[in-house]
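A quick write-up on the structure given underneath.
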Amino acid sequence: MHALRVLEFQAIQSRLQHHCETTLGAAQAEALKPTFEYKEVWTQLDATQEAHDALSRHSVPSLRGARDQRQAAQRAGKGGALGGAELYQIGEGLAAMRQMRSFLEAQKEAMPRLSPYAASLPQKNRVEDVLFLSLDPDGTVRDDASPTLATQRQKKKSAASRIVERIQAYISGKTRDLLSDPIYTVRDGRYVIPLKAENRGKIRGIVHDTSASGQTIYLEPEDVLQLGNALREIEAAERVEIQRILTSLSEQVGAIALDIIAGLEVAAHIDLQFAKARLGFEMRGTMPQPTQGKAFIQIQGGRHPLLDPETAVPLEIAVGKGKSVLITGPNTGGKTVSIKTVGLFVLMAQSGLMPPAVHVRLAPFTQVWADIGDEQSLEQSLSTFSGHIKNIAEALRTLKDGALILLDEVGAGTDPAEGAALAKAILEDMARQGATVLASTHYGELKAFAYNTDGFENAAMEFDSKTLRPTYRLMMGAPGASHALRIAERYGIPKPVVEVAREGLGDQAQDLALMMERLEQSQRQARLAQSEADKRSEQLKQAEKKAGRKLAEAEEIRQNAHAKANEVIEAALREIRLEAARLFEELKRQPSDGAVNQKVRKGLKELDEVGRDFAQEFVPRRERKELAAGAVTRGATVRIDGYTQTGTVLDDPREGKVPVQIGPLKMTVPLGALALADRPTTALKPRSSVQLHKATHAVTEIQLIQKRAEEAKRDLERFIDDAMLAGLDTVRIVHGKGEGILRKVTQDYLRSHPGIASFRDGEPGEGGAGATVAVFK
């Protein structure tokens with residue numbers, strides 16, 4: 001395909017091959033071609049997306065072990081015996097395919113395109129295991145491949161040891177002086193000693209070699225010879241057993257040869273899909289998104305994949321759906337690169353690859369034709385113009401609706417007037433046949449043609465008139481000037497020569513060139529202004545977000561401060577009430593003057609009233625929901641005037657009063673002081689207080705054993721008071737059995753206490769008669 005060559009698709013294939021783990025996968029990458037069938041395009045892209053997602057989320061098993069052993073498997077299937085290295089590699093391939101199969105089966109829901117291939121990957125655990133148990137990675141048959149082989153190798157080792165032991169006797173014994181050197185060597189697999197030639201016949205044996213000087217002969221002693229012959233017999237038996245094992249392993253491989261061959265081919269296809277995903281990661285590619293309608297591509301932030309991504313200028317372009325684009329502008333301005341980028345992106349996307357861009361939208365094309373570069377052919381006696389025309393003629397003959405046509409310098413290489421006229425006719429015919437054309441030109445007539453013809457649009461490569469350098473940025477919507485005279489002057493053409501050329505243009509041509517330059521400048525200024533406006537708009541949005549966050553933070557701080565103040569006030573009130581209650585209970589237990597008690601009680605009452613007035617004044621009332629008839633029932637969550645916390649109703653109202661529990665405290669509250677709460681609030685953390693600590697950390701059990709009666713009664717009173725303040729339901733008093741004195745003190749006190757509803761001896765699991773369980777009202 002001509003377009004694949006001129007767009008350098010083979011360079012993409014080469015990079016794809018480097019990401020394949022198998023030779024078969026690399027071969028498929030080398031043969032990869034784009035598809036022009038709509039469904040097949042998205043099938044391939046979906047498969048690549050699955051592989052891409054899998055690589056980013058999971059540890060995907062490697063297929064590197066699935067080497068191309070199809071011929072070996074086929075030979076085994078026909079009854080041939082394989083070598084140890086071939087068999088071990090087949091075992092590695094079986095292991096790799098089994099692991100990939102398990103992975104794909106586990107990802108069935110996430111990978112609907114790739115998981116069906118798992119069924120074609122062989123899972124032959126028995127054959128895999130026997131290959132690994134019988135062979136080392138280099139193909140050597142292991143000692144434990146069979147009991148017979150293990151025995152033969154043990155015999156071989158023993159025989160070799162006896163030979164070495166015997167020949168050492170010649171080196172270190174009384175025959176040592178007969179040797180030229182006190183060493184032994186191996187010649188042709190036989191153990192020999194270096195005997196001086198003058199001592200020939202003094203040691204019986206066979207001569208295997210002679211030194212170059214003839215002064216030394218290499219002799220295998222007769223007794224060593226007998227041991228060596230025994231070793232040869234053992235080695236022969238070992239080789240027979242090894243061959244038997246390899247033949248057996250080959251037969252087992254041959255029985256599943258067809259499964260292995262089919263599995264390797266499927267593994268290659270899977271390898272290719274993951275290679276596409278790895279290439280996408282390397283190129284920072286994006287997955288094309290489908291768009292409605294026929295042939296169309298939109299590229300945002302696209303970079304030619306063969307250029308340095310750090311220096312390549314991003315391309316923004318949209319062509320198709322009945323819109324063709326004609327690019328104009330200066331030479332070396334990037335027109336050809338832009339055309340090649342669009343063409344290569346289409347070929348990549350329709351091959352299941354991820355083009356390097358920020359965003360790509362695609363409706364697949366039915367063909368890709370490209371006429372780019374120098375098409376001169378000396379063999380066919382074609383000039384550049386003739387070569388271009390030959391390619392275009394072939395495209396016109398075989399054009400399909402929905403094709404993409406890429407033309408670089410359309411109509412160039414001949415008389416400008418004829419070339420422009422021919423180019424217009426070609427462009428019109430291609431558009432008439434339903435093709436999308438992306439072309440570049442310098443002809444002014446074609447700029448006007450694109451402006452006046454439906455289905456065509458001008459675009460220009462930006463040129464910086466100050467630096468006289470191209471910016472390589474494509475601007476849609478207007479034609480660009482060639483800037484030939486300015487570029488010529490920049491590259492050294494003398495200024496007088498340039499002025500003569502400028503005068504030769506004529507007034508109309510000069511005016512047109514000046515108009516084009518001013519249009520380019522206006523476009524650039526408009527783009528810069530738009531960019532600045534976008535930047536300001538983004539800054540404004542960020543400022544608005546920041547201001548919103550600050551306002552939210554301020555409101556949160558205000559609410560937190562309000563809540564904190566409420567917590568402090570509530571903690572102070574609770575301490576006042578708890579302290580008053582404690583003093584009141586203390587006074588009840590201490591006999592004193594009745595008048596004093598009367599005054600103390602009056603003072604405590606006034607203290608409680610001060611606390612309530614304080615709460616009414618400083619604890620803010622909340623907006624309450626009107627209480628409907630029967631709204632306050634057992635379990636309802638309510639708010640109480642003067643308290644920041646919510647409470648829970650313990651029982652239905654009686655005589656206008658309601659029992660309520662707030663945290664550990666229980667109280668009876670007038671119905672008019674209640675309001676329904678939307679939801680319960682978490683308990684507020686009070687300030688540090690000894691009394692409050694006792695109330696909120698009361699225990700449910702006290703030990704009175706071994707205490708004197710008076711001390712036990714005093715501790716019991718304090719324990720019961722703390723338990724009542726904490727709102728406990730039951731407590732256990734452990735007094736022991738003994739003589740029953742502490743039991744009597746305990747139960748007499750409980751019997752006379754107004755806050756105790758009942759009490760009983762403990763159950764067997766609670767201490768029996770040695771403990772008393774009290775229940776509060």
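The values are calculated or read from the model by the stated rules, or taken from the named source; none is laboratory data. Please read all numbers here as calculations on a predicted model, not as lab measurements. Every residue, glycine among them, receives a Cβ derived from its backbone with ideal geometry; neighbour counts consider all protein chains shown. Heads up: the accessible areas ignore ligands, DNA and RNA and are worked out on the full protein's heavy atoms, side chains in. Shrake-Rupley method; radii C 1.70, N 1.55, O 1.52, S 1.80 Å.
Condition (residue is closer than 30 Å to Thr247 by Cα and among the aliphatic types (A, V, I, L, M)) applied to region 32-46: is it met by at least one residue? Within region 32-46 (the criterion being closer than 30 Å to Thr247 by Cα and among the aliphatic types (A, V, I, L, M)), the answer is no, since none of the residues qualifies.
When the residues of region 720-777 are filtered to those that are among the hydroxyl-bearing types (Ser, Thr, Tyr) and under 19 Å from Glu710 (Cα atoms), the one that is nearest to the chain's Cα centre (by Cα) is Thr772. Evaluate region 262-274: report whether one residue or more is small (Gly, Ala, Ser), surrounded by 24 or more Cβ atoms within 10 Å (Cβ to Cβ) and over 28 Å from the mean Cα position of the chain (by Cα). Looking for residues that are small (Gly, Ala, Ser), surrounded by 24 or more Cβ atoms within 10 Å (Cβ to Cβ) and over 28 Å from the mean Cα position of the chain (by Cα), one finds at least one in region 262-274, hence yes.
Taking the conditions exactly as written (part of a loop (DSSP other than H, G, I, E, B), more than 24 Å from Leu272 (Cβ to Cβ) and aliphatic (A, V, I, L, M)), does Ala81 satisfy them or not?
Considered against the rule, which asks whether it is part of a loop (DSSP other than H, G, I, E, B), more than 24 Å from Leu272 (Cβ to Cβ) and aliphatic (A, V, I, L, M), Ala81 comes out as yes.
Contact map, region 715-741: first residue within 17 Å of Asp761 (Cα to Cα), second residue in a helix (DSSP H, G or I) and open to solvent by 70 Å² or more (accessible area, probe 1.4 Å), Cβ cut-off under 6 Å, separation 6 or more or different chains; pairs are His735/Arg743. For region 397-424, what are the residues that are under 22 Å from Ala3 (Cβ atoms), aliphatic (A, V, I, L, M) and open to solvent by 10 Å² or more (accessible area, probe 1.4 Å)? Leu399, Ala412, Leu422, listed by residue number. If you check Ala110 against the conditions, is it out of contact with any Leu (no Cβ under 8 Å at 6 or more places or on another chain) and open to solvent by 70 Å² or more (accessible area, probe 1.4 Å)? When the stated conditions are applied, Ala110 does not pass them. Quick check on Ile203: is it open to solvent by less than 70 Å² (accessible area, probe 1.4 Å) and outside any helix (DSSP H, G or I)? Yes: the conditions hold for Ile203. Selection of region 104-154 for residues being among the hydroxyl-bearing types (Ser, Thr, Tyr) and not in a helix (DSSP H, G or I) yields Thr140, Ser146.
Every condition in (1) open to solvent by less than 20 Å² (accessible area, probe 1.4 Å); (2) within 30 Å of Thr43 (Cβ to Cβ); (3) of a type in the set (Asp, Glu) is met by Glu105 except one, and the failing one is (1). Every residue in region 336-357 that is over 18 Å from Gln13 (Cα atoms) and modelled with pLDDT of 95 or more, please. Within region 336-357, just Ala357 meets the criteria. Just one of the listed residues (Ala277, Ala268) is under 30 Å from Arg75 (Cβ atoms) and modelled with pLDDT of 95 or more, namely Ala268.
Given Asp722, Asp748, which one is outside any loop (DSSP other than H, G, I, E, B) and under 13 Å from Glu701 (Cβ atoms)? So that I can check it myself, show each step before the final result.
Numbers: Asp748 fails: under 13 Å from Glu701 (Cβ atoms).
Selected residue: Asp722, the only one of Asp722, Asp748 that is outside any loop (DSSP other than H, G, I, E, B) and under 13 Å from Glu701 (Cβ atoms).
If you check Gly280 against the conditions, is it farther than 20 Å from Met100 by Cβ and either touching a residue at least 24 places away in the same chain (Cβ under 8 Å) or open to solvent by 40 Å² or more (accessible area, probe 1.4 Å) (or both)? Talk me through it step by step, then tell me what you get.
Numbers: farther than 20 Å from Met100 by Cβ: no; either touching a residue at least 24 places away in the same chain (Cβ under 8 Å) or open to solvent by 40 Å² or more (accessible area, probe 1.4 Å) (or both): yes.
No, not satisfied.
Hey, can you tell me all the residues within region 206-246 that are in a helix (DSSP H, G or I), touching a strand residue (DSSP E or B) at 6+ places or on another chain (Cβ under 7 Å) and among the charged types (D, E, K, R)? The answer is Glu222, and nothing else.
Which residue is farthest from Gln99 (Cα to Cα), if the candidates are limited to region 36-72 and must be among the β-branched types (Val, Ile, Thr) and buried (at least 16 other Cβ atoms within 10 Å of the Cβ)? Among them, the one singled out is Val41.
Which ones in region 356-371 are within 12 Å of Gln298 (Cα to Cα) and not aliphatic (A, V, I, L, M)? Break it down into steps so the answer makes sense when it comes.
If we filter region 356-371 for residues that are within 12 Å of Gln298 (Cα to Cα), which is where we start, we get 357-364.
Residues satisfying the conditions are His359, Arg361, Pro364.
Lys157 - would you say it is open to solvent by 90 Å² or more (accessible area, probe 1.4 Å), among the charged types (D, E, K, R) and not in a helix (DSSP H, G or I)? No; evaluated as a whole, the condition is false for this residue. Taken as a whole, region 742-758 holds at least one residue that is modelled with pLDDT of 90 or more, in contact with a Ser or Thr (Cβ under 8 Å, 6 or more places away or on another chain), surrounded by 12 or more Cβ atoms within 10 Å (Cβ to Cβ) and under 24 Å from Gln661 (Cβ atoms).
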